[in-house]
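Worksheet: one structure, shown below.
The values are calculated or read from the model by the stated rules, or taken from the named source; none is laboratory data. Since this is a predicted model, take the numbers as computed values, not measurements. Virtual Cβ from ideal backbone geometry, glycine too; neighbours counted across all protein chains shown. We work out accessible area using only protein heavy atoms, side chains counted, and drop any ligands, DNA or RNA first. Shrake-Rupley method; radii C 1.70, N 1.55, O 1.52, S 1.80 Å.
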Amino acid sequence: MAQPTLPRHVAVIMDGNGRWARERGQPRLFGHQRGAETLRAVTEECAALGIEFLTVYAFSTENWKRPQAEIDALMALLEFFLQNELPNLMANRIRLKTIGRIHDLPDACRTALDAAVAATARNTSTTLVLALSYSARTEIIDAVRSLCRDAAEGRISPEAVDPGLFASRLHTAEMPDPDLLIRTSGEMRLSNFLLWQLSYTEIVVTQKLWPDFTREDLRAAIAEFQRRERRFGTV
Ligand code: IPE
Ligand code: IPE
Ligand code: MG
(Lines give C-alpha, C1' and ligand atoms only; values in the text may rest on other atoms or scores of the structure.)
(Ligands and ions follow the chains in the order given, each with its own letter.)
Protein backbone atom coordinates (compact mmCIF):
# COMPACT_ATOMS: atom_id res chain seq x y z
CA MET A 1 0.00 0.00 0.00
CA ALA A 2 1.25 3.50 -0.79
CA GLN A 3 2.11 5.46 2.33
CA PRO A 4 1.23 9.12 2.76
CA THR A 5 4.01 9.63 5.27
CA LEU A 6 6.78 12.15 4.79
CA PRO A 7 10.26 10.83 4.07
CA ARG A 8 12.41 11.15 7.19
CA HIS A 9 15.55 11.48 5.11
CA VAL A 10 15.83 13.03 1.64
CA ALA A 11 19.10 12.72 -0.29
CA VAL A 12 19.87 14.85 -3.34
CA ILE A 13 22.43 14.60 -6.14
CA MET A 14 22.53 18.27 -7.09
CA ASP A 15 23.52 18.01 -10.74
CA GLY A 16 23.42 20.24 -13.82
CA ASN A 17 24.97 23.53 -12.67
CA GLY A 18 27.49 23.54 -15.51
CA ARG A 19 24.89 22.84 -18.20
CA TRP A 20 22.59 25.49 -16.76
CA ALA A 21 25.39 28.08 -17.07
CA ARG A 22 26.40 26.92 -20.55
CA GLU A 23 22.82 27.29 -21.79
CA ARG A 24 23.14 30.95 -20.81
CA GLY A 25 26.62 31.46 -22.28
CA GLN A 26 28.03 31.89 -18.77
CA PRO A 27 31.02 30.31 -16.98
CA ARG A 28 30.30 27.16 -14.92
CA LEU A 29 30.79 29.10 -11.69
CA PHE A 30 27.66 31.10 -12.47
CA GLY A 31 25.70 27.85 -12.36
CA HIS A 32 27.30 26.84 -9.07
CA GLN A 33 26.34 30.21 -7.56
CA ARG A 34 22.74 29.76 -8.62
CA GLY A 35 22.91 26.17 -7.39
CA ALA A 36 23.83 27.45 -3.93
CA GLU A 37 20.65 29.54 -3.94
CA THR A 38 18.63 26.44 -4.85
CA LEU A 39 20.20 24.64 -1.90
CA ARG A 40 19.10 27.43 0.44
CA ALA A 41 15.51 27.24 -0.85
CA VAL A 42 15.34 23.43 -0.71
CA THR A 43 16.80 23.38 2.81
CA GLU A 44 14.25 25.93 4.02
CA GLU A 45 11.45 23.93 2.41
CA CYS A 46 12.62 20.74 4.13
CA ALA A 47 12.57 22.59 7.45
CA ALA A 48 9.09 23.95 6.72
CA LEU A 49 7.82 20.46 5.84
CA GLY A 50 9.43 18.79 8.86
CA ILE A 51 11.94 16.59 7.02
CA GLU A 52 14.47 15.34 9.59
CA PHE A 53 17.53 14.86 7.35
CA LEU A 54 18.55 16.39 4.02
CA THR A 55 21.80 15.00 2.64
CA VAL A 56 23.18 16.73 -0.44
CA TYR A 57 26.03 15.64 -2.69
CA ALA A 58 28.01 18.86 -2.93
CA PHE A 59 31.47 17.64 -4.00
CA SER A 60 32.59 14.11 -4.83
CA THR A 61 36.02 12.57 -4.49
CA GLU A 62 36.03 12.34 -8.28
CA ASN A 63 35.30 16.09 -8.57
CA TRP A 64 38.93 16.74 -7.50
CA LYS A 65 39.78 15.72 -11.11
CA ARG A 66 38.04 18.84 -12.49
CA PRO A 67 40.13 21.82 -13.69
CA GLN A 68 41.86 23.53 -10.75
CA ALA A 69 40.15 26.83 -11.50
CA GLU A 70 36.69 25.23 -11.06
CA ILE A 71 37.79 23.48 -7.86
CA ASP A 72 39.14 26.75 -6.44
CA ALA A 73 35.91 28.55 -7.35
CA LEU A 74 33.78 25.80 -5.74
CA MET A 75 35.84 25.91 -2.53
CA ALA A 76 35.59 29.70 -2.38
CA LEU A 77 31.83 29.43 -2.94
CA LEU A 78 31.55 26.85 -0.15
CA GLU A 79 33.40 29.12 2.29
CA PHE A 80 31.25 32.11 1.28
CA PHE A 81 28.06 30.04 1.52
CA LEU A 82 28.89 28.82 5.03
CA GLN A 83 29.67 32.29 6.34
CA ASN A 84 26.77 33.93 4.56
CA GLU A 85 24.15 31.30 5.43
CA LEU A 86 24.88 30.99 9.14
CA PRO A 87 22.26 33.57 10.25
CA ASN A 88 19.70 31.90 7.98
CA LEU A 89 20.56 28.43 9.30
CA MET A 90 20.13 29.73 12.86
CA ALA A 91 16.84 31.48 12.04
CA ASN A 92 15.47 28.24 10.56
CA ARG A 93 17.00 26.15 13.40
CA ILE A 94 18.86 24.00 10.85
CA ARG A 95 21.67 21.81 12.09
CA LEU A 96 24.67 21.40 9.80
CA LYS A 97 26.71 18.23 9.50
CA THR A 98 29.15 16.81 6.97
CA ILE A 99 30.11 13.45 5.55
CA GLY A 100 33.20 12.75 3.46
CA ARG A 101 36.92 13.26 3.90
CA ILE A 102 36.67 16.77 5.26
CA HIS A 103 40.42 16.93 5.92
CA ASP A 104 40.92 17.00 2.09
CA LEU A 105 39.33 20.47 1.96
CA PRO A 106 41.34 23.72 2.07
CA ASP A 107 41.96 25.09 5.59
CA ALA A 108 39.64 28.07 5.09
CA CYS A 109 36.74 25.75 4.19
CA ARG A 110 37.41 23.46 7.13
CA THR A 111 37.50 26.41 9.51
CA ALA A 112 34.20 27.75 8.15
CA LEU A 113 32.65 24.28 8.30
CA ASP A 114 33.79 23.64 11.88
CA ALA A 115 32.38 27.01 12.94
CA ALA A 116 29.01 26.42 11.25
CA VAL A 117 28.70 22.85 12.55
CA ALA A 118 29.50 23.99 16.11
CA ALA A 119 27.18 27.02 15.95
CA THR A 120 24.23 24.95 14.71
CA ALA A 121 24.83 21.81 16.81
CA ARG A 122 21.87 22.44 19.15
CA ASN A 123 19.39 23.35 16.43
CA THR A 124 16.40 21.04 16.32
CA SER A 125 14.90 21.44 12.85
CA THR A 126 16.20 19.70 9.69
CA THR A 127 19.76 18.37 9.75
CA LEU A 128 21.47 19.48 6.54
CA VAL A 129 24.27 17.06 5.72
CA LEU A 130 26.83 18.28 3.18
CA ALA A 131 28.66 15.45 1.40
CA LEU A 132 32.07 16.97 0.68
CA SER A 133 35.02 15.13 -0.81
CA TYR A 134 32.66 12.19 -0.48
CA SER A 135 32.76 8.83 -2.21
CA ALA A 136 30.72 5.84 -1.09
CA ARG A 137 33.45 3.37 -2.01
CA THR A 138 35.98 5.29 0.09
CA GLU A 139 33.50 5.42 2.98
CA ILE A 140 32.91 1.66 2.71
CA ILE A 141 36.63 0.90 2.53
CA ASP A 142 37.27 3.06 5.62
CA ALA A 143 34.54 1.15 7.48
CA VAL A 144 35.98 -2.21 6.41
CA ARG A 145 39.44 -1.15 7.58
CA SER A 146 38.16 -0.13 10.99
CA LEU A 147 36.34 -3.47 11.40
CA CYS A 148 39.44 -5.39 10.25
CA ARG A 149 41.58 -3.53 12.78
CA ASP A 150 39.13 -4.38 15.56
CA ALA A 151 39.07 -8.03 14.52
CA ALA A 152 42.86 -8.27 14.13
CA GLU A 153 43.33 -6.81 17.62
CA GLY A 154 40.72 -9.11 19.15
CA ARG A 155 38.12 -6.46 20.03
CA ILE A 156 35.43 -8.13 17.87
CA SER A 157 35.03 -11.54 16.30
CA PRO A 158 34.48 -11.70 12.51
CA GLU A 159 31.04 -13.23 13.22
CA ALA A 160 30.01 -10.05 15.05
CA VAL A 161 30.10 -8.14 11.74
CA ASP A 162 26.51 -7.67 10.61
CA PRO A 163 24.65 -4.89 8.75
CA GLY A 164 24.07 -2.94 11.97
CA LEU A 165 27.72 -3.01 13.07
CA PHE A 166 28.88 -2.20 9.54
CA ALA A 167 26.49 0.76 9.24
CA SER A 168 27.73 2.07 12.60
CA ARG A 169 31.18 2.55 11.03
CA LEU A 170 29.89 4.65 8.12
CA HIS A 171 29.86 8.47 8.16
CA THR A 172 26.06 8.30 8.29
CA ALA A 173 26.07 6.19 11.48
CA GLU A 174 23.49 8.17 13.44
CA MET A 175 21.09 8.78 10.54
CA PRO A 176 18.31 6.65 9.09
CA ASP A 177 18.85 5.50 5.48
CA PRO A 178 17.45 7.93 2.90
CA ASP A 179 13.80 7.24 2.03
CA LEU A 180 13.92 9.37 -1.11
CA LEU A 181 16.79 10.15 -3.49
CA ILE A 182 16.35 13.00 -5.96
CA ARG A 183 18.75 13.48 -8.86
CA THR A 184 18.43 16.51 -11.09
CA SER A 185 19.49 16.95 -14.74
CA GLY A 186 18.20 13.58 -15.89
CA GLU A 187 21.27 11.41 -15.27
CA MET A 188 20.30 7.86 -14.31
CA ARG A 189 23.27 6.98 -12.12
CA LEU A 190 24.44 7.14 -8.51
CA SER A 191 27.94 8.56 -9.17
CA ASN A 192 29.40 6.91 -6.05
CA PHE A 193 26.84 8.40 -3.63
CA LEU A 194 25.67 6.50 -0.50
CA LEU A 195 25.92 3.07 -2.16
CA TRP A 196 25.18 1.15 1.05
CA GLN A 197 22.53 3.52 2.40
CA LEU A 198 20.45 3.73 -0.81
CA SER A 199 19.69 -0.01 -0.93
CA TYR A 200 15.91 0.46 -0.52
CA THR A 201 15.59 4.18 -1.27
CA GLU A 202 12.92 5.39 -3.71
CA ILE A 203 14.61 7.23 -6.60
CA VAL A 204 13.13 10.24 -8.39
CA VAL A 205 15.07 11.62 -11.35
CA THR A 206 13.99 14.98 -12.74
CA GLN A 207 15.07 16.52 -16.05
CA LYS A 208 15.34 19.93 -14.39
CA LEU A 209 18.86 21.27 -13.91
CA TRP A 210 19.70 21.96 -10.25
CA PRO A 211 19.61 25.80 -10.49
CA ASP A 212 16.05 25.51 -11.89
CA PHE A 213 14.85 23.11 -9.16
CA THR A 214 12.23 24.76 -6.93
CA ARG A 215 10.41 24.20 -3.64
CA GLU A 216 7.45 23.02 -5.74
CA ASP A 217 9.70 20.47 -7.47
CA LEU A 218 10.72 19.19 -4.04
CA ARG A 219 7.10 18.85 -3.00
CA ALA A 220 6.33 17.07 -6.30
CA ALA A 221 9.16 14.59 -5.70
CA ILE A 222 7.82 13.93 -2.19
CA ALA A 223 4.31 13.42 -3.62
CA GLU A 224 5.78 10.93 -6.11
CA PHE A 225 7.49 9.16 -3.20
CA GLN A 226 4.17 9.01 -1.37
CA ARG A 227 2.55 7.30 -4.38
CA ARG A 228 5.19 4.57 -4.40
CA GLU A 229 4.66 1.22 -2.81
CA ARG A 230 7.72 0.25 -0.78
CA ARG A 231 7.91 -3.50 -0.37
CA PHE A 232 11.43 -4.06 1.01
CA GLY A 233 11.45 -7.47 -0.66
CA THR A 234 8.16 -8.68 0.83
CA VAL A 235 4.83 -9.21 -0.95
C1 IPE B 1 26.77 19.73 -10.00
O2 IPE B 1 26.79 20.35 -11.24
C3 IPE B 1 27.71 20.39 -9.01
C4 IPE B 1 28.93 19.67 -8.71
C5 IPE B 1 29.23 18.47 -9.16
C6 IPE B 1 29.91 20.33 -7.89
P7 IPE B 1 27.87 19.99 -12.34
O8 IPE B 1 29.05 20.89 -12.14
O9 IPE B 1 28.17 18.54 -12.32
O10 IPE B 1 27.09 20.40 -13.66
P11 IPE B 1 27.01 19.59 -15.02
O12 IPE B 1 26.62 18.19 -14.67
O13 IPE B 1 28.37 19.67 -15.64
O14 IPE B 1 25.97 20.30 -15.81
C1 IPE C 1 27.76 13.99 -8.90
O2 IPE C 1 27.71 14.78 -10.01
C3 IPE C 1 28.50 14.70 -7.79
C4 IPE C 1 27.83 15.88 -7.27
C5 IPE C 1 26.63 16.28 -7.58
C6 IPE C 1 28.59 16.62 -6.29
P7 IPE C 1 28.81 14.69 -11.18
O8 IPE C 1 28.41 15.65 -12.21
O9 IPE C 1 30.17 14.84 -10.60
O10 IPE C 1 28.63 13.18 -11.64
P11 IPE C 1 28.82 12.50 -13.06
O12 IPE C 1 30.20 12.87 -13.53
O13 IPE C 1 27.76 13.07 -13.95
O14 IPE C 1 28.62 11.05 -12.80
MG1 MG D 1 27.39 16.93 -13.27
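What is the gain in length, in nm to one decimal, between ALA69 and ARG40 on full extension, counting 0.36 nm per residue of separation less the C-alpha to C-alpha distance?
On the way: separation 29, 0.36 × 29 = 10.44 nm, distance 2.42 nm.
Here the answer is 8.0 nm.
Taking the Cα-to-Cβ direction at ARG155 and at ASP104 and moving 7 Å from each Cα, how far apart do the two end points lie in nm?
2.5 nm
Please compute the contact order of the chain in relative form: average sequence separation of alpha-carbon pairs under 8 Å and at least six residues apart, divided by the residue count, as a percent.
Details: 367 pairs, mean separation 72.3, N = 235.
For the chain, the relative contact order is 31 percent.
Per residue of the stretch 177-186, in order, report the coupling 6.51 cos²θ - 1.76 cosθ + 1.60 (Karplus, θ = phi - 60°) as ³J(HN,Hα) in whole Hz, putting x for Gly and Pro.
The phi angles translate into 5, x, 8, 9, 10, 10, 10, 8, 6, x Hz.
Could you compute the net charge surrounding PHE30? Neighbours are other residues with a C-beta less than 10 Å from the C-beta of PHE30; K and R count +1, D and E count -1. Display every interim value, and only then the final one.
Values: positive: ARG22, ARG24, ARG28, ARG34; negative: none.
Surrounding charge for PHE30 is +4.
When you have a sec, figure out the Kirkwood radius of the chain from all distinct Cα pair distances and drop it here in Å to one decimal? Write out the running numbers ahead of the final one.
Working: mean 1/r = 0.0535 Å⁻¹.
About 18.7 Å, per the Kirkwood formula over Cα pairs.
Please list 3J(HN,Hα) in residue order for the stretch 130-136, calculated via the Karplus relation 6.51 cos²θ - 1.76 cosθ + 1.60 where θ = phi - 60°; whole Hz, with x for glycine and proline.
Per residue, the Karplus-derived 3J(HN,Hα) values read 8, 8, 10, 6, 9, 8, 5 Hz.
Projecting each Cα onto the charge dipole of the chain (Lys/Arg +1, Asp/Glu -1 at the beta carbon, about the Cα centre), which of GLY100, PRO67, MET188 comes out farthest on the positive side?
MET188
Would you mind computing, in nm to one decimal, how far apart the modelled labels at ARG19 and ALA220 are, each placed 7 Å from Cα along Cα→Cβ?
Spacing of the two 7 Å Cα→Cβ label points: 1.5 nm.
To the nearest µm²/s, what D does Stokes-Einstein give for the stretch 135-235 at 25 °C and 0.890 mPa s, using the Kirkwood radius over alpha carbon pairs as Rh? Mind showing how you got there, number by number?
Values: Rh = 15.9 Å.
Rounded, D is 155 µm²/s.
Would you look at the GNM of the chain, springs on alpha carbons closer than 10 Å, and say which of LEU132, LEU190, LEU82 moves the most?
LEU190
Roll a 1.4 angstrom probe over the protein heavy atoms and tell me the percent of accessible area of the stretch 71-213 that is carbon or sulfur. Walk me through the numbers before you get to the answer.
On the way: 3730 of 6930 Å².
So the carbon and sulfur contribution to the accessible surface is 54 percent.
Output wanted: per-residue J couplings in Hz (rounded whole) for the stretch 20-36, from phi through Karplus 6.51 cos²θ - 1.76 cosθ + 1.60, θ = phi - 60°, x for Gly and Pro.
Once rounded to whole Hz, the list reads 4, 5, 4, 4, 9, x, 10, x, 4, 4, 4, x, 5, 5, 5, x, 5.
Residue separation times 0.36 nm, minus the C-alpha to C-alpha distance between VAL117 and GLN207: what's the value?
On the way: separation 90, 0.36 × 90 = 32.40 nm, distance 3.23 nm.
Fully extending the segment from VAL117 to GLN207 adds 29.2 nm.
Given N residues in the stretch 2-78, what is its alpha carbon radius of gyration divided by 2.2 N^0.38 Å?
Values: Rg = 14.8 Å, N = 77, 2.2 N^0.38 = 11.5 Å.
The stretch 2-78 yields a ratio of 1.29.
If a/c stays under 1.5 just call it rounded; otherwise compare a/b with b/c (prolate if a/b is bigger, oblate if not). Do that for the stretch 1-130, with a ≥ b ≥ c from the square roots of the Cα gyration tensor eigenvalues. Show your work: numbers first, answer last.
Numbers: a/c = 1.82, a/b = 1.31, b/c = 1.39.
Oblate.
For the stretch 137-235, with every protein chain kept in place, what is the accessible area per residue (1.4 Å probe, Å²)? It would help to have the intermediate numbers written out before the result.
Details: 5560 Å² over 99 residues.
Per residue, the stretch 137-235 has 56 Å² of solvent-accessible surface.
Rank these by accessible area, largest first, 1.4 Å probe: THR127, THR206.
Details: THR127 5, THR206 30 Å².
Result of the area sort, largest leading: THR206, THR127.
Quickly work out the SER168-to-SER199 label distance, labels modelled 7 Å from Cα along the C-beta direction, and quote it in nm with one decimal.
1.6 nm
Provide THR184, THR98 ordered by accessible surface of protein heavy atoms (probe 1.4 Å), highest first. Don't skip to the answer; put the middle values down first.
Values: THR184 0, THR98 45 Å².
Descending accessible area places them as THR98, THR184.
With every protein chain left in place, what is the accessible area of CYS148 in Å² (1.4 Å probe, nearest 10)?
80 Å²
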